[in-house]
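Please read the structure below before turning to the comments.
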């Protein structure tokens, strides 16, 4: 699945028309915190890293990112491609 297809499919579940950007930005911070908490517990409390839970939380982060891009009328493929371009410029000697 490409990012634009994901973005369009995920948009089906977006609720509400007002305050969408604020809702998505705040939701993104909450879900990012859940990812960070899983990593923190693994790193500092010797908890087992629950990869299934990590995948779910990362998916929630992806959903919020896609909907912020949707709100701003930015194709999600563009977000991914721009990020790779910047990484290649930042780390030109890193092997692929």
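Evaluate the following for residue 10: is it modelled with pLDDT under 95 and either touching a helix residue (DSSP H, G or I) at 6+ places or on another chain (Cβ under 6 Å) or surrounded by 15 or more Cβ atoms within 10 Å (Cβ to Cβ) (or both)?
yes
Considering only region 51-80, state which residues are touching a helix residue (DSSP H, G or I) at 6+ places or on another chain (Cβ under 7 Å) and either farther than 29 Å from residue 18 by Cα or exposed (fewer than 14 other Cβ atoms within 10 Å of the Cβ) (or both).
Result: 53, 54.
All but one of (1) in a loop (DSSP other than H, G, I, E, B); (2) at pLDDT below 95 hold for residue 5; state the number of the condition that does not hold.
The failed condition is (1).
For the condition outside any helix (DSSP H, G or I) and at pLDDT 95 or above, what is the one hit in 65, 38, 54, 49?
49
Scan region 52-66 for residues that are free of Cβ contacts under 8 Å to residues at least 60 places away in the same chain and within 10 Å of the chain's Cα centre (by Cα) and jot them down.
Residues satisfying the conditions are 57, 58, 59, 60, 61, 62, 63, 64, 65.
The values are calculated or read from the model by the stated rules, or taken from the named source; none is laboratory data. Being a predicted model, the structure only gives us computed values, none of them experimental. Note that we place each Cβ from the backbone using ideal geometry, even for glycine, and neighbour counts take in every protein chain shown.
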